[in-house]
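The next block holds one structure in the form of structure tokens; read it before the comments.
The values are calculated or read from the model by the stated rules, or taken from the named source; none is laboratory data. Treat the numbers as computed from the prediction; the structure is a model and nothing was measured. Every residue, glycine among them, receives a Cβ derived from its backbone with ideal geometry; neighbour counts consider all protein chains shown. Remember, those area values only see protein heavy atoms, side chains included, never the ligands or the DNA or RNA. Shrake-Rupley method; radii C 1.70, N 1.55, O 1.52, S 1.80 Å.
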Amino acid sequence: MSAHKIGSLLFCPNCGTLLDLPKDGEAIVTCEQCHHEEPASSYENIVITTRSHPDAFPSPLQQKRKTLTKRHDQGDQGTLVAEKCPSCGHMEAYSKEMQLRSADEGSTIFYTCASCKHGWRVNN
């Protein structure tokens, strides 16, 4: 009985335990659970394909495109700071800081342009 192959992984045919890769020069791989001996040649000609989800490594440009924008008209505007509006280029905006992610990560700063009321956010 030979090992069961799933993708690039080999499993013991007796107990189903994931078999280790053979070390250099080893002719057999021994199952840690039931001590089944699998020939190292079972690992030959196995094609390994690795795929990443498109969102796994987002670029700054992708992050910018995903940023939600909205207009703010009333309410507590926050603190007036010198920040350039990405919409109209005005050099003043109101800012508010909030902790939206876990405590060991930076906070999120919400900006609202003092001129056109365009809203954006930055994670710091």
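Listed here are the residues, each with its yes/no results for (1) open to solvent by 80 Å² or more (accessible area, probe 1.4 Å); (2) not β-branched (Val, Ile, Thr).
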residue	(1), (2)
Ser95	no, yes
Leu100	yes, yes
Thr108	no, no
Ala114	no, yes
Lys117	no, yes
Just checking, how many residues over region 43-93 are modelled with pLDDT under 75, of a type in the set (S, T, N, Q) and surrounded by 11 or more Cβ atoms within 10 Å (Cβ to Cβ)?
3
Please return the ranges of strands (runs of 3 or more DSSP E) entirely within region 1-63 where 2 or more residues are in contact with a His (Cβ under 8 Å, 6 or more places away or on another chain).
9-11
Hey, Ser2 among the small types (Gly, Ala, Ser), on the phi < 0 side of the Ramachandran plot and open to solvent by less than 70 Å² (accessible area, probe 1.4 Å) or not:
no
Report, by residue number, each residue of region 87-118 that is among the hydroxyl-bearing types (Ser, Thr, Tyr) and assigned to a strand (DSSP E or B).
Tyr94, Ser95, Thr108, Tyr111, Thr112
